[in-house]
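The values are calculated or read from the model by the stated rules, or taken from the named source; none is laboratory data. Note that the structure is a prediction, hence the values are computed from the model and not measured. Backbone-built Cβ (ideal geometry, glycine too); neighbour counts: all protein chains shown.
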Amino acid sequence: MNTVRKSPFSFRPASQTIRRITHILAAVVVALAIGDVAVAQPGRGQGVGRGRGRGRGMSAEMREDMTTLHAMFAAREKITRTVKMLPKGAEATTESDDTKIVAMLKEHVPAMENRVHENEPLPPMTFHPVFVELIKHADDYTLTYKETKQGMEVTYEADDPFVIMLVQEHAKLVSRFLKNGMDEIHKPYTLPKVVHAKKDNHAAFSNGNLEYINPTIAKYGKVVKLPNAAQQPRNGSRIVVDLTQSGKPDALNPAIEKVARFVNIYQGAGKKPAKVDIAIVLHGDATLTVLNVDAYTKRHETKGNPNLDCLHKLHDAGVEIFVCGQSLIGKGGNPDDVVVFADVAVSALTSLVNLQADGYAYVPLGK
Ligand code: HEM
């Protein structure tokens with residue numbers, strides 16, 4: 001028996017059997033899929049698909065997955081399924097005496113898990129609320145599956161009440177697919193409402209040790225780990241910090257330290273670290289914080305530039321630092337005096353517009 005855990009690197013088991021069936025069913029599938037493909041056209045789906053799942057045609061992998069689906073639908077009387085709801089999810093066993101169907105089940109589950117995780121939905125997954133929400137919450141539940149001789153044993157687990165409901169609804173939906181066939185996907189369906197029990201905010205703190213930590217940026221921007229709190233850091237977030245706040249010339253600008261906190265939040269304040277892209281755009285009163293030691297010292301009569309250590313650490317952590325060329329010149333600065341790890345941009349305006357167009361969320365840190 002193999003035990004396979006949910007992972008973003010799921011593989012696709014290649015099976016000769018499946019391939020043979022693929023050929024036989026290809027014509028039927030293409031015909032059946034046409035209606036569904038229309039749903040995947042730009043503007044109709046949820047609009048967040050990447051790569052294989054989007055565009056006009058079907059990729060070979062998509063066709064293969066659709067073929068497996070249709071073949072399972074066609075043979076659904078040969079599939080047995082039991083589902084048990086658990087307090088935090090569901091447990092399902094799906095099996096068949098037919099070895100071809102067993103192979104399909106073993107291919108389908110990891111392939112679909114991968115599609116959910118990689119946000120590469122098959123056409124029917126772009127509109128059914130259960131699949132749409134599963135993709136949105138891919139990081140909020142675990143799917144553990146075990147290959148049995150005759151099929152798959154699957155356990156879903158989640159912490160959030162909405163996500164628990166969601167995985168349970170998915171388990172029920174698969175059972176309805178077996179009972180009612182492909183039509184089930186087009187039946188009107190709304191997700192049940194989840195009534196949130198009164199929030200026990202202490203629970204949010206229960207797994208944290210409530211001590212301040214600096215997971216990435218040492219010394220600056222300490223954070224508390226809150227693994228069970230709401231609004232966990234989301235993988236793939238992008239933030240542009242519009243930094244115009246000034247500070248005392250002989251002390252670290254507090255807004256720069258706040259950016260260190262942002263990095264630490266994403267790297268260690270939540271349940272697990274989340275990948276984040278952060279860019280800072282300095283202008284207005286914050287422009288001159290990026291001057292090198294000589295230029296800054298001359299300008300402010302200080303002993304060095306108190307911002308550089310933190311800015312350097314931010315840069316080492318992958319934060320991009322842009323200074324507005326217009327503000328810099330306007331304030332009598334010289335691009336040659338800007339530290340090497342900051343880039344002079346044409347302007348703060350163009351930086352902010354470009355970065356927001358690239359999907360960065362705008363976070364202002366002004367006075
Ligand atoms: C005869 C029809 C089908 C069968 C027998 C079947 C079987 C399964 C099984 C056994 C699982 C593992 C979870 C569980 O047991 O509840 C699963 C998961 C899944 N299936 Fe199907 N399925 C069918 C139809 C579909 C359809 C029509 C779609 C949508 C295009 C689909 C997409 C998925 C997705 C997205 C997952 C979840 C992966 C995850 O949560 O990471 N399935 N299916």
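Give the residue, chosen from LEU178, LEU166, that is buried (at least 20 other Cβ atoms within 10 Å of the Cβ), among the hydrophobic types (A, V, I, L, M, F, W, C) and in the same structural domain as ALA71 (by TED's automatic domain parsing).
Just one listed residue meets the conditions, LEU166.
So is ASP285 out of contact with any helix residue (DSSP H, G or I) (no Cβ under 7 Å at 6 or more places or on another chain) and surrounded by fewer than 19 Cβ atoms within 10 Å (Cβ to Cβ) or not?
So ASP285 passes the test.
Which condition does LYS106 not pass, out of (1) touching a strand residue (DSSP E or B) at 6+ places or on another chain (Cβ under 7 Å); (2) touching a residue at least 60 places away in the same chain (Cβ under 8 Å); (3) assigned to a strand (DSSP E or B), if it passes all the others?
(3)
Filter region 157-178 for residues that are in contact (Cβ under 8 Å) with a residue 12 or more places away in the chain, within 11 Å of the ligand (Cβ to nearest atom) and either of a type in the set (Phe, Trp, Tyr) or closer than 21 Å to ILE79 by Cα (or both) and give the result.
The answer is VAL167, GLN168, GLU169, HIS170, ALA171, LYS172, LEU173, VAL174, SER175, PHE177, LEU178.
Being touching a His at 6+ places or on another chain (Cβ under 6 Å) and near the ligand (Cβ under 10 Å from one of its atoms): is that true of VAL154 here?
So VAL154 fails the test.
May I ask you to say which residue of MET104, MET125 is within 9 Å of the ligand (Cβ to nearest atom) and modelled with pLDDT under 95?
It is MET125.
Report yes if some residue within region 144-154 is surrounded by 21 or more Cβ atoms within 10 Å (Cβ to Cβ) and under 16 Å from the mean Cα position of the chain (by Cα); otherwise report no.
Within region 144-154 (the criterion being surrounded by 21 or more Cβ atoms within 10 Å (Cβ to Cβ) and under 16 Å from the mean Cα position of the chain (by Cα)), the answer is no, since none of the residues qualifies.
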